[in-house]
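Sharing a structure here in structure tokens format.
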DNA sequence: ACAAATATAATAGTATTACTATCATATTAG
DNA sequence: CTAATATGATAGTAATACTATTATATTTGT
């Protein structure tokens, strides 16, 4: 994306970080480098100690920003969904025709990811890659209900609901708009994962994109010709 | 399910366990009680030490059956998919009409789970519950490609392919049968999770089942009236 | 410019985890 | 009835996931 908006900040729910990482250089380095280190090691092997070594800083300093690595993952995920929501609104807001709007929405959600110059400390391409592999670990926990009450998943849920509204606008009589929306948002990650690791159980590859599949899926469900 | 088949054994890929847990009482206790303990504590907090205490046995004895808890999870998952595949074949094999066959398949995959008396040491209802929360953790790892090469996910992939074949039979010209099948298998777990934890982003609840949603989804995609 | 507040770094310490190794004892099989 | 095998008990290790304390920078307000 072009550098259009000078001072833009993705707002994440309160409580995910002890101290706002965007308020300091160290904070930005923690967030920026955690993405590349989680990508390298996988979330299980990623530790604050290793991150400290990587950024030439101390483990204890990182603990002043995030309670633990789970909270950091929740933060990264909320940032990602906030960023995706912003793209969704940015690229669909001007479109009034419901079908065209939904097409664009599905393209934003399932299309290729590009570096966004508005947020230079975050590599969105890497972040997207770790979301595919790690996002579900952020909610498949024993604490999901209490953390949901704290509002840690609001951005994600809001995005699903935005998609649901676009679905509803196109076909108000379709009775499963919420489930379709949540299936698409989650299914996009899943198909992208399968493409890279279990290619024998997906049709998505270089030729046939996830976008094509999900457009077809959604419009079939809504009885709208593509 | 009724106790129909006396000596039935779900076959899981070789290498998941060091020693076949079905070959001894201790092994069966490890598998049976691990399901209830993972359900209680969540996979992250579950340890072999705690399992040992629970079954009145020693940590070191459990290590003689499974290399670590990840391998145990892979074992449980393969068992679950093997059992699901067996139900799928059992309940659809006699049906020759493609649409009726696919309806039954979707009902088996997304319908309520009942205790299966053929396998008394395993509580399938609990196992299904831990699969919803923990299954994706078994493949969202750094080691997924090497473990896939070892064949640890064959049962899962085979089930998806079976569903794909039923989809194909009903509409051979549908170009995304594999992706649709994998989306359904994964989406079923996801919708069931949302129902319990994020009810605001799913339509599935007591009144409206996941089965209804996925039947509608699949038949819409295949242009078949329900 | 300087004191006070704040941020970061360095070090140490703890309970738990995820094992491995060894040896003892119980059970089963030939 | 001996030998093999399965299980149990205990100990030990490196790493993890922190907490606490103290020291040293850096920033801020006056």
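The values are calculated or read from the model by the stated rules, or taken from the named source; none is laboratory data. It should be emphasised that the depicted structure is a prediction, and the values quoted were computed from it without experimental measurement. Positions of Cβ are backbone-derived with ideal geometry, glycine not excepted, and every protein chain shown enters the neighbour counts.
From the set of residues in the range A:39-50 that are part of a helix (DSSP H, G or I) and more than 10 Å from DNA strand D (Cβ to nearest atom), which is farthest from residue A:129 (Cα to Cα)?
Of all residues in the range A:39-50, those part of a helix (DSSP H, G or I) come to A:39-41, A:48-50.
Subset that is more than 10 Å from DNA strand D (Cβ to nearest atom): A:39-40.
Details: A:39: 7, A:40: 11 Å.
In this case the residue turns out to be A:40.
Given the conditions (1) in contact (Cβ under 8 Å) with a residue 12 or more places away in the chain; (2) in a helix (DSSP H, G or I), which single one is not true for residue A:10?
Just one mismatch for residue A:10, condition (2).
Between a first residue in the range A:204-226 that is under 18 Å from residue A:108 (Cα atoms) and a second residue that is modelled with pLDDT under 95, which pairs have beta carbons less than 9 Å apart while being 6 or more apart in sequence or on different chains?
Every condition considered, the pairs that remain are A:215/A:226; A:216/A:226; A:218/A:224; A:219/A:225; A:219/A:226.
Tell me which residues, restricted to the range A:88-118, are under 25 Å from residue A:23 (Cβ atoms) and in contact with a helix residue (DSSP H, G or I) (Cβ under 7 Å, 6 or more places away or on another chain).
The answer is A:115, A:116.
Got a sec? Which of A:35, A:62, A:95, A:30 is more than 14 Å from every other protein chain (Cβ to nearest Cβ), more than 10 Å from DNA strand D (Cβ to nearest atom), under 30 Å from residue B:138 (Cβ atoms) and over 16 Å from the mean Cα position of the chain (by Cα)? Working first, answer last.
On the way: A:35 fails: over 16 Å from the mean Cα position of the chain (by Cα); A:62 fails: more than 10 Å from DNA strand D (Cβ to nearest atom); A:95 fails: under 30 Å from residue B:138 (Cβ atoms).
A:30 is the lone residue from the list that is more than 14 Å from every other protein chain (Cβ to nearest Cβ), more than 10 Å from DNA strand D (Cβ to nearest atom), under 30 Å from residue B:138 (Cβ atoms) and over 16 Å from the mean Cα position of the chain (by Cα).
To continue, here is another question. Tally the residues that are over 20 Å from the mean Cα position of the chain (by Cα) and at pLDDT 95 or above, restricting the search to the range A:1-18. Quick ask: steps written out before the conclusion?
To start, the set of residues in the range A:1-18 that are over 20 Å from the mean Cα position of the chain (by Cα) comprises A:3-7, A:18.
Now narrow it down to the ones that are at pLDDT 95 or above: A:18.
So the answer is 1.
Here are B:82, B:27: which of them is in a helix (DSSP H, G or I), buried (at least 16 other Cβ atoms within 10 Å of the Cβ) and within 16 Å of DNA strand C (Cβ to nearest atom)? Steps first, answer last, please.
Values: B:82 fails: within 16 Å of DNA strand C (Cβ to nearest atom).
Among B:82, B:27, only B:27 is in a helix (DSSP H, G or I), buried (at least 16 other Cβ atoms within 10 Å of the Cβ) and within 16 Å of DNA strand C (Cβ to nearest atom).
If residue A:114 meets every condition in (1) touching a residue at least 60 places away in the same chain (Cβ under 8 Å); (2) within 16 Å of DNA strand C (Cβ to nearest atom); (3) away from chain B (no Cβ under 14 Å); (4) part of a loop (DSSP other than H, G, I, E, B) apart from one, which number is that one?
Answer for residue A:114: the failing condition is (2).
Using the structure shown, decide if residue B:128 is surrounded by 15 or more Cβ atoms within 10 Å (Cβ to Cβ) and in contact (Cβ under 8 Å) with a residue 60 or more places away in the chain. Before you say what the answer is, go through the steps one by one.
Values: surrounded by 15 or more Cβ atoms within 10 Å (Cβ to Cβ): yes; in contact (Cβ under 8 Å) with a residue 60 or more places away in the chain: no.
No; evaluated as a whole, the condition is false for this residue.
Name, by its number, the condition in (1) at positive phi; (2) more than 14 Å from DNA strand C (Cβ to nearest atom) that does not hold for residue A:95.
So the condition that residue A:95 fails would be (1).
Exactly one condition in (1) touching a helix residue (DSSP H, G or I) at 6+ places or on another chain (Cβ under 9 Å); (2) within 23 Å of residue A:134 (Cα to Cα); (3) surrounded by fewer than 22 Cβ atoms within 10 Å (Cβ to Cβ) is false for residue A:199; which is it?
Here residue A:199 clears every test but (1).
Still on this model: Show me the helices (runs of 4 or more DSSP H) found entirely inside the range B:117-179 where at least 2 residues are more than 12 Å from chain A (Cβ to nearest Cβ) and more than 26 Å from residue A:129 (Cβ to Cβ). Give the steps one after another, and end with the answer.
Details: elements: B:124-139, B:144-149, B:154-170.
Filter on the range B:117-179 gives B:124-139, B:154-170.
Just name the residue that is nearest to DNA strand C (Cβ to nearest atom) out of those in the range A:54-64 that are in a loop (DSSP other than H, G, I, E, B) and touching a residue at least 24 places away in the same chain (Cβ under 8 Å). Can you show your working first?
Taking the range A:54-64 and keeping what is in a loop (DSSP other than H, G, I, E, B), we get A:55-58, A:64.
Next cut, touching a residue at least 24 places away in the same chain (Cβ under 8 Å) only: A:55, A:57, A:64.
Values: A:55: 8, A:57: 3, A:64: 6 Å.
Residue satisfying both the conditions and the ranking: A:57.
I would also like to ask the following. Could you look through the range A:65-79, keep only residues that are assigned to a loop (DSSP other than H, G, I, E, B) and either more than 14 Å from chain B (Cβ to nearest Cβ) or away from DNA strand D (no atom under 14 Å from the Cβ) (or both), and pick out the one that is surrounded by the most Cβ atoms within 10 Å (Cβ to Cβ)?
Of the residues in the range A:65-79, the ones assigned to a loop (DSSP other than H, G, I, E, B) are A:65-68.
So of that shortlist, the ones also either more than 14 Å from chain B (Cβ to nearest Cβ) or away from DNA strand D (no atom under 14 Å from the Cβ) (or both) come out as A:65-67.
On the way: A:65: 22, A:66: 24, A:67: 14.
For the range A:65-79, the residue satisfying everything is A:66.
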